[in-house]
Every structure is written in C-alpha cells, then in structure tokens.
Amino acid sequence: MSAPGLVLLHTSPAHVPVFDALRDRNHPGAVLRHLVVPDLLERARAAGPESVAGDLRGLLSEAGPVPVLVTCSTIGAVAESLAAEHGAPVLRVDRPMAAAAVRAGRRIAVLAALESTFAPTADLLAEEAGGAPLVVRTHLVAGAWERFAAGDTAGCLARVADAADAVTGADVIVLAQVSMAGAANLVTTRIPVLASPAPGLAAGLALAR
C-alpha cells in the first residue's frame, strides 16, 4: 500500500513550484498534495492569526488524517495548535529552521517582508531555545512583499539579499518567510543565512513516513 504522502497548506500559489522542485531534487518519488488558500493570510494580517483558527480547522479536516506542513509563518502556530484534534502531525515549515538558528548562536537577525511574521517567529525561536537567552533583532525588508505580490520574484529576492548583507552583529540570519528563501543564494555576507523550505519539507516528509 502506498504512503498517503504529505499535505502542504499554502497562502500563495507561488509556493507550490518551490516545494515541488525541492521534492524532485531531494526527495524523488515523495507524494505531495497542495492546498492553496490565499485569503487566510489576508485575514490573519487584518484580525490576527487566531481569527482564522476555524478556517484552519476545516482545512485540516478536508486534508484528512495525514501529516500537514503549513508554509505560512504567520498562521503556523495556530495551525500547529490544532494537531491534537486533527489526529495527525501539523508542522509549521519554519520550525526546523528555528531549531537550527538557536543552535547557531544567541544573536539572531530575523528578516521578513510582513510585520505580521515577526511575533510568531520570535515566539517560535524562544520556544526552540527552551529558555536559553536570545537577542532577536527584526528587520522589515521594505518593498519586498509588494514585489512578491506583483509577481516580481527577482526584485523581491534582490531586496532581501541586500537587507541580509546589511546585517551586522548577528550569529545567524533567519529568512522568516518561504517567499524569501531564494535570497539565501544571492547574499555575500559571511553570517549564516537560513531559509525554511528545504528543512521544513524534509521534516514534514519524515512525519509522513
């Protein structure tokens, strides 16, 4: 009997080819099923992540009792909190990245294109640190989200890479959103730059096995 695979819940259709490419490169033969619901992020930004808990509950039910990887950092914590009633693991894509970040050092620079990402990411880093002291500095990358939303991926990534290269006094840089991941290949900084899609997908598929 074949494995049921992994369901990925996205708030942008642009993330689907990113994860399919990672699957093809790193996990050939893995089964991925994508659910794309853009308005979840819009409503979470307007009214807070908890405002979409009911919608997430319905989407998890629709996915069936299989592991789900949530690729939106704004709503990831709320989705994870529903795992017990879902009856299968629910993993936010940035958790493995956060775990790697706190292992890399206590001075963490967080880059995001949306303000709504900062609080969930800081909470996640603190959780993964397990009480160890952290210094988390946030950097909003001006214009990056507007370019991503307009389909200008190259422009978005260039802005993120420039912002990462401007960071000083950090042990590690976290690219807090999936949409930023490609910038890790463009930076010139010597500070380690972490992105979430590859480790997140690997962890999600491990749960699905």
Single residue of ALA129, ALA109 found to be over 25 Å from ALA46 (Cβ atoms) and crowded, with 23+ Cβ neighbours inside 10 Å:
ALA109
Matching residues, the range 133-146, being out of contact with any Lys or Arg (no Cβ under 7 Å at 6 or more places or on another chain) and open to solvent by less than 60 Å² (accessible area, probe 1.4 Å)
VAL136, HIS139, TRP145
What is the one condition in (1) within 17 Å of VAL18 (Cβ to Cβ); (2) without any contact (Cβ under 8 Å) to a residue 12 or more places away in the chain; (3) surrounded by 15 or more Cβ atoms within 10 Å (Cβ to Cβ) that VAL93 does not satisfy?
(2)
Going through the range 127-165 in order, the residues found to be hydroxyl-bearing (Ser, Thr, Tyr) and within 23 Å of VAL102 (Cβ to Cβ) are THR138
Test for ALA166: is it hydrophobic (A, V, I, L, M, F, W, C), within 17 Å of ARG107 (Cβ to Cβ) and either surrounded by fewer than 16 Cβ atoms within 10 Å (Cβ to Cβ) or free of Cβ contacts under 8 Å to residues at least 24 places away in the same chain (or both)
yes
Search result, residues across the range 130-152 that are in a helix (DSSP H, G or I), more than 16 Å from ALA176 (Cβ to Cβ) and touching a helix residue (DSSP H, G or I) at 6+ places or on another chain (Cβ under 8 Å)
ARG147
Mind checking whether some residue in the range 175-188 is open to solvent by less than 40 Å² (accessible area, probe 1.4 Å) and in a strand (DSSP E or B)?
yes
Suppose we filter ARG23, ARG45 for residues that are basic (Lys, Arg), modelled with pLDDT under 95 and open to solvent by 30 Å² or more (accessible area, probe 1.4 Å); which single one remains?
ARG45
As an exercise: evaluate GLY155 against (1) part of a helix (DSSP H, G or I); (2) surrounded by 21 or more Cβ atoms within 10 Å (Cβ to Cβ) and give the number of the one condition it does not meet.
(2)
Condition test on ALA181, is it closer than 15 Å to VAL93 by Cβ and either of a type in the set (Phe, Trp, Tyr) or touching a Pro at 6+ places or on another chain (Cβ under 6 Å) (or both)?
yes
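The values are calculated or read from the model by the stated rules, or taken from the named source; none is laboratory data. Everything numeric here is computed off the predicted structure, so don't read it as measured data. When we count neighbours, we look across all protein chains shown, and the Cβ atoms used for this are built from the backbone with ideal geometry, even at glycine. Note: areas computed on protein heavy atoms with side chains; ligands, DNA, RNA excluded. Shrake-Rupley method; radii C 1.70, N 1.55, O 1.52, S 1.80 Å.
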